[in-house]
Each structure stands twice: as C-alpha cells, then as structure tokens.
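Novice: Starting off with a structure, shown below.
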Amino acid sequence: METGQRNIIILLGIIAAIALVYFAVIFKPDPRYDWNELYNHDDKEPYSNEIMLELLEGYFSEHTVEVLDKKDLSESLEIDSTDKSVKNYVFIGNNMRLDSSDQETLLDFVEQGNQAFIASKRIPRELSGKIYEKICDTLIYIEEEEAVEDVIFEDEWTTEDDSDWEEYEEKYEVEDYEEEEDYEEESYEEETYEETEITLEKSERLYGSVVYDSLISMNFTHPSMQRDSNYVYEYIWRNEGANYRWGYWYKNWGCLDDKTLTRIELGYMDTTKSNFIKIPYGKGSFYFHANPIVFTNYHLIDEDGAAYAGKVFSHLPEGDIYWDEKSKDYDWDWPDGQRNFAESPLKYILSQQSLRWAWYLMLTLVGLYVLFRAKRRQRIIPIRAANTNTSLEFIETIGKLYHQQQDHKNLTGKMMYLFDDFVRRRYGIRIKKPDEKILERLVVKSEISRTDIDNIILRYKRLSREETVSEDHLNSFYSALENFYKNCK
C-alpha cells in the first residue's frame, strides 16, 4: 500500500473514531422528545401546540375551532359580509409565510370586524406594509382625552379548577418536563380597563428585536390583568436550561405619510419591552405576540403558563376560531414577492438530531475523500528526450572500426553503399549501374557539377578493382563524397 493511501485511511479512521466517541459519550439526545420548535398542532413534542389547540377547542363552548391545514387562506378562510358574528384567526409559529392572495384575504377578514391573533418571531413585511397603508389612509386623529376605551375581557379560562389540571398532568406527563419553580396562582374576575393609545412618529416602522437569555419574565399592561409577580419563562433544551432569543416589538411602528399610528400595548417583557400589542384595522384588530414559544406544550403544562395563555386569549371576542396550520408549510418570502417551495426531502433527516449529525459526518467524510483522492493515482510519466538522428554517429563509429582494422577496401564499399542509399532516398535515383541519363538527372536534382559526380563514380570503380586501397586513396574518396553531401540540394 502506498504511503499516501495509508495516511488517508488513518485520517478517516481518526475522524470516524472522534465521531463515535461524540455520539457514544458526549451526545445525549432525549430518547422521548424532539426539542426543536415544531409548532405542530397534532403532536406532544415539547415545542408543539397540541395542548394549545385543545384548550382553544374548549374555550368558547358554543363555537367551533377549525384547523386550516389543507388549503390556502384564500380558499379556506370564510369571509361573509352578511354574517355579523365575529370570528377569530389564530397563527402560532416561527415564521408566518403567506402569498399575496392569502395576505389580501386575511386583511379583508380583519377589516370586516374579525380578529387576528399572530404569535410569530417574524411578521411578513408585505403584510405589515399593507396594515400601515390602510391605517395611514383612514386614521382619524383622536384627542388625548378621548383616547380611553372600555373593553370587556371575558375570562372563561381560569386556573382555579384543579380537576382540569389533574387531567392534563396525567395526559401529558407533566413530571417529565415541568419547570421546578412554582408561583402562586392568581385568579381574576371580569373587569373593564383602559387601553392606552400610543402615537408614533411617521418615520418609525415595526421591527422586532430580541433579548438573549435563558430566563425571561412577562406580564400585562393593564392593572386588572397584571399580576404582582411576573410570569417567568425558562428555555429548556434537552432537559437543561439554555439561552434563547426572546422577542419583543420596540417602538418602531409608524405610518408611511404624515399621520400617526395608534398601537395598544397589552403586555410586556422584562418590565419595559412590549411583546404583546394590538393594532386596530378597519372594524377588527390584529394582535401580535413576539414569543410563540410560550404557547407550546412545554409551557402550557405549567399552571402559570396556562394562566398567562388564558389571559392572552381572553382579548379575543367570543366566536369561531380558525387555526392556521397551512401557513407554516411555505418557504421564506423573498424581496420580489412570496415564493412557495415543496418540502425538502431532507426535512425529516435535518429535524432529527442524530440523523442530522450523521448526515453532516457523511458529507465531511465524502468531502475529505474527494479532496485527497482527487490527485492522480497513475505514476508520473518520466520526461523523455526528443528523438535525434544518430545515423551519422553510427556511420562515424563504423568507419572508425574499419579504419582501425586497416580494411580500407571494405570501408570504401560501405561508403559507396551509403552514398547509393542517400541518392536513392533523396532523389529516387539508383546509381549502381549509372548511364548518361541517370547521371544527368542526378546533376539536375542535386545541383552538383557533372565533374564532381563523375569523380565519385570513377574513383569508386578504380578502387574496387585494386587488391588493396591506400589510406591516401581512401581519404580522397571520402573528400569527394563529403563535398557532395555538403553541397547537394
């Protein structure tokens, strides 16, 4: 085995051993739960919404909850201008992804007097732009003394019924991943409270920001909803506390023209950061919550988490609820408009921690193999010198050999043989038995004088008749041939 191949095998073996040690010792996935933020309405993973959906199904006993998971909003969200009942739209997820048709449908739905609750880390830019445009075109300025409105909050979801909690604890195994800290439950009665309107400058827009921490506290703005001790949330990853990006809306909401925009702050985070707000739109309103994770299974099995969620949804009027699951299935909205993509075949692999790391390890090993094996496996071909004509060197060597043996007559015959071969190859003339025509052709083609050619022929004939050839005669014959070679054309 070559040294290079052995080194590659050793390197791959070391990488495989490191990966094996990581998965066997360091990496400890939870065998029961997927700790990614899935926000699915039909599973019991910590950060899904099955409990939230079930609680909403019993929130308005005389009204229904419909899950929109098959069609787009433009096809499934019911809008009837003759229907005077109020309906509620609910979206809880990482990102809200709507195409232009769905956005228009949702805006029309709210404008006709219905309510939309959106808990998402990111609000689609096109949707927020439409809200600005509509409000800025129709907003009527209200004097500060008229900016007080009484709103009745129906608190049908309290936390005093222990039997309900025993049922949920048994069903969702609260002991498996419940928070250690316990806070006193606090009941509240139906009350009226004043919504404070906040007007912002025209240059301000809606943007979200985050607080990076493992623990965060939340509460409500109005005293009737507010609790003495804040609702504390801790982010858990694989049964251990970890830092998390808790979102809030900083005061960058505003119109695109010279008017102002009214925003109603309903809840805050860490005493100063708004994370739950209301934006009136037409006859209805949009409710925006910046932390959808507080409505997931993990936090709702805690009594404080359920109490907080109950107060949040008490802002919605009694009516049918449309739970939007479909809008979580689309890809990012691009600057040139919304673009929808099919699910990636790797979605399940990348959603599972073990499979994801196995996939990354395989790609790394393949990359290393390609990197090191891309070199040539064939041995380097040595550089060979260009072919050279060694005929003259051969002749010189043979001539020296015969000259040393003093066999001048034989050497004369060899020299004449080579001369005949040279004339035949270059001019196509054979001169073994020369006549006048042959010699004249040779004179014409070689441009050597007839005298010089006759000198070669006569010298050879004379030398071939003698018994021995002297060295002087041999040199004279050689000189005649050399003159021909150097001057022929």
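The values are calculated or read from the model by the stated rules, or taken from the named source; none is laboratory data. Everything quoted here is computed from the prediction, not taken from an experiment. Cβ: placed from backbone, ideal geometry, glycine included. Neighbour counts: every protein chain shown.
Novice: Within segment 437-467, restricting attention to residues that are small (Gly, Ala, Ser) and part of a helix (DSSP H, G or I), which residue is nearest to Arg425 (Cα to Cα)?
Specialist: Ser446
Yes/no matrix, rows are residues, columns are (1) more than 19 Å from Asn291 (Cβ to Cβ); (2) surrounded by fewer than 18 Cβ atoms within 10 Å (Cβ to Cβ); (3) out of contact with any helix residue (DSSP H, G or I) (no Cβ under 6 Å at 6 or more places or on another chain):
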| position | (1), (2), (3) |
| --- | --- |
| Asn94 | no, yes, yes |
| Ser100 | yes, yes, yes |
| Glu111 | yes, yes, yes |
| Gln115 | yes, no, yes |
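Novice: Considering each of Ile135, Ile131 in turn, give the residue that is under 22 Å from Gly247 (Cα atoms), buried (at least 18 other Cβ atoms within 10 Å of the Cβ), of a type in the set (Val, Ile, Thr) and at pLDDT 55 or above.
Specialist: Being under 22 Å from Gly247 (Cα atoms), buried (at least 18 other Cβ atoms within 10 Å of the Cβ), of a type in the set (Val, Ile, Thr) and at pLDDT 55 or above holds for just one of Ile135, Ile131, which is Ile131.
Novice: Among the residues of segment 267-287, which ones are touching a Gly at 6+ places or on another chain (Cβ under 9 Å), among the hydrophobic types (A, V, I, L, M, F, W, C) and in contact (Cβ under 8 Å) with a residue 40 or more places away in the chain?
Specialist: Met269, Phe276, listed by residue number.
Novice: Which ones in segment 296-308 are within 35 Å of the chain's Cα centre (by Cα) and assigned to a helix (DSSP H, G or I)?
Specialist: Asn297, Tyr298, His299, Leu300, listed by residue number.
Novice: Condition check: assigned to a loop (DSSP other than H, G, I, E, B) and either buried (at least 17 other Cβ atoms within 10 Å of the Cβ) or hydrophobic (A, V, I, L, M, F, W, C) (or both). Does Tyr89 satisfy that?
Specialist: no
Novice: Considering only segment 439-458, I want to know if a residue exists there that is in contact (Cβ under 8 Å) with a residue 60 or more places away in the chain and either β-branched (Val, Ile, Thr) or loosely packed, with under 12 Cβ neighbours inside 10 Å (or both).
Specialist: no
Novice: Inside segment 437-459, can you point out the residues that are among the hydroxyl-bearing types (Ser, Thr, Tyr) and closer than 14 Å to Tyr485 by Cα?
Specialist: Selection gives Ser446, Ser449.
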